[in-house]
Amino acid sequence: MLAACSADIDDYQDREPAFNMFEYFDGHTKAWGMVQDFTGEQTRRFEVDIEGTVDGDTLTLDESFIYADGETQTRVWTITRHQDGTYTGTAGDIVGEARGVVAGNALNWRYDLVVPVGESEYQFHFDDWMFRQDDDHLFNVTSMRKWGIEVGKVTLFFQRVEQ
């Protein structure tokens, strides 16, 4: 029998520093990441340059990915902040809407992403957990699932860059 355990965002309510997504991503951010398959083997490495702009309750993230094999990719997120403290977001390769909630230093962000693999495309469910470490640094750990089974993990480290 398999049992699933999941962290509860409320567990982070009293953790510092508080994570304000709009404040953190306003401006230039750099990230380094890797993808691991279900066995834990690293299958891809990448860097991301992110330009964030805030306009009221809307955050736009313009992301440019460069993979170790030379492949490039872009994604533009449009994220809306809601009065109840939740977030929703859309991007070209996101199916429907991403949904997120913040508590303390953590953000839990869930969405379905279409991922190109060779000549095909696959839809995976992503369960992102972002943890703010200090003013300039952020960790992201993501579970990738297909049909409810974890098929991989994505790990990123973010650093805000002075302009």
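The values are calculated or read from the model by the stated rules, or taken from the named source; none is laboratory data. Since we're looking at a predicted model, the values are computed, not measured. Quick reminder, even Gly has a Cβ in these numbers, built from the backbone with ideal geometry, and neighbours come from all protein chains shown.
The table below lists the values:
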| quantity | calculated |
| --- | --- |
| Residues (modelled with pLDDT under 95 and more than 19 Å from I94 (Cβ to Cβ)) located in the stretch 111-134 | G118, E119 |
| Residues satisfying the stated conditions in the stretch 51-70, i.e. at positive phi and of a type in the set (D, E, K, R) | none |
| Output for the stretch 28-85, where each listed residue is part of a strand (DSSP E or B), over 24 Å from A106 (Cβ atoms) and in contact (Cβ under 8 Å) with a residue 60 or more places away in the chain | D37, T43 |
| Members of the stretch 99-120 that are surrounded by fewer than 16 Cβ atoms within 10 Å (Cβ to Cβ) and outside any strand (DSSP E or B) | G118, E119 |
| Among (1) under 15 Å from N105 (Cα atoms); (2) in contact (Cβ under 8 Å) with a residue 60 or more places away in the chain, the one test that F139 misses | (2) |
| Failed item in (1) farther than 22 Å from S143 by Cα; (2) loosely packed, with under 13 Cβ neighbours inside 10 Å; (3) among the aromatic types (F, W, Y), with F22 passing the rest | (2) |
| Any hit, the stretch 90-98, residues being part of a strand (DSSP E or B) and touching a helix residue (DSSP H, G or I) at 6+ places or on another chain (Cβ under 7 Å) | no |
| Residues that are in a helix (DSSP H, G or I) and among the aromatic types (F, W, Y), drawn from the stretch 7-27 | Y12, F22, Y24, F25 |
| Only listed residue being of a type in the set (V, I, T), modelled with pLDDT of 95 or more and surrounded by 15 or more Cβ atoms within 10 Å (Cβ to Cβ), chosen from T78, T74, T88 | T88 |
| Every residue from the stretch 123-137 that is surrounded by 13 or more Cβ atoms within 10 Å (Cβ to Cβ) and in a strand (DSSP E or B) | F124, H125, F126, D127, D128, W129, M130, F131, R132, H137 |
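Listed here are the residues, each with its yes/no results for (1) over 13 Å from the mean Cα position of the chain (by Cα); (2) closer than 24 Å to T155 by Cβ.
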{"residue": "E23", "(1), (2)": "yes, yes"}
{"residue": "D37", "(1), (2)": "yes, yes"}
{"residue": "E41", "(1), (2)": "yes, yes"}
{"residue": "I50", "(1), (2)": "no, yes"}
{"residue": "T60", "(1), (2)": "yes, no"}
{"residue": "D69", "(1), (2)": "yes, yes"}
{"residue": "T86", "(1), (2)": "yes, no"}
